[in-house]
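Report on one structure; see the data block that follows.
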Amino acid sequence: MTQTATSLSPVRAVLFDKDGTLIDFQKTWGPWAVRAIRDLAAQTGHEAAQIAQTLQIDLAKQMFHPDSPVIAGTPDDLVELLRPYMPTLSSREILTRITPAEGDYHLRPVEGLAAMHATLRDAGIVQGIVTNDFESETLRQIEDLGLSGVFDVVIGYDSGHGGKPAPDGCLAAARALGVTPQATVMVGDSLHDLRAGRAAGMRTVAVLTGVATRADLAPHADVVLASVADLPAWLTAQGDA
């Protein structure tokens, strides 16, 4: 049975992180990162294992370690991490080298994603994305996932509000959606997401489809869910409280 706007009140808007929240982080970016590291090693003469250590990626398992600086960082953060391996290149040139091209990776959406979005839409809850990725890249990935009509606002780290954990992007998204922070929920898989939402005065929901553990996330979230597929049930419970 479709849930109603009344049953999901008083939440009027939900903001989502992208990678690790809407997209399965390890399955999507682990294999791509390993290929990129091996390519970079071949181009620069550095050892792939050394680059992987810098980025905290397990080459054999094709997975990010939980404390990898890549997980919640911005592209600018990644440029600075990799600058020692490409010291003669400008920041723009390094960024070009490490930006994935279309077809270099296969997006793996979190299970139940489309149904979750439809439930929120039918309940009259507006939705947005606040990510530390590029805005343009995020828009392209949303289109690839068939979700172009779902989000009323998409804010990247380069949209003019800075990156998380600063709250500015979350606050800008709420303004664009015409809702108050108190009526907004921020959903994410990292401490950056939760700290940004808390600092913006929003309720925060952690999901376990990224790399961080429940123990990592629980102190900073109103609730920890297995994935966004469980979000409608939690919102219903808040409306009934």
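Amide H to amide H, with H built 1.01 Å from N, residue 227 comes under 5 Å of 208, counting only residues 5 or more places away or on other chains. Express in whole angstrom the spacing between the alpha-carbon centres of the stretch 116-164 and the stretch 28-60. A separation of 29 Å, based on Cα centres. With all protein chains kept in place, the per residue accessible area of the stretch 1-114 amounts to 53 square angstrom at a probe of 1.4 angstrom. Rounded to the nearest 10 degrees, the angle from helix 168-177 to the longest Cα principal axis of the chain is 40 degrees.
Under the shape rule built on the C-alpha gyration tensor, where the axes satisfy a ≥ b ≥ c, the stretch 169-241 is oblate, since a/c reaches at least 1.5 while a/b does not exceed b/c.
Rg over Rh for the chain works out to 0.99, using Cα positions for both radii and the Kirkwood form for Rh.
A straight Cα-to-Cα reach below 27 Å connects residue 164 with the lysines 18, 27, residues fewer than 8 places away in its own chain not being considered. Each of residue 62 and residue 148 was given a label point 7 Å from its Cα along the Cα-to-Cβ line. The distance between the two points is 2.9 nm. Spin-label model, residue 166 to residue 89: label points 7 Å out along the Cα-to-beta-carbon direction sit 2.6 nm apart. Calculated mean residue ellipticity, 222 nm, the chain: -12000 deg cm²/dmol, from DSSP H runs (n ≥ 4) at -39500 (n - 2.57) each, averaged per residue and rounded to 500.
Highest mean first, the peptides 195-208, 144-157 sorted by other C-beta atoms within 10 Å per residue fall in the order 195-208, 144-157.
Candidate cross-link partners of residue 61 among the aspartates and glutamates, defined by an alpha-carbon separation under 20 Å and a same-chain spacing of 8 or more, comprise 19, 24, 39, 47, 104.
The values are calculated or read from the model by the stated rules, or taken from the named source; none is laboratory data. None of these values were measured; they are calculated from a predicted model. Every residue, glycine as well, gets a Cβ built from its backbone with ideal geometry; the counts of neighbours run over all protein chains shown. Surface areas here come from the heavy atoms of the whole protein model, side chains and all, with no ligands, DNA or RNA. Shrake-Rupley method; radii C 1.70, N 1.55, O 1.52, S 1.80 Å.
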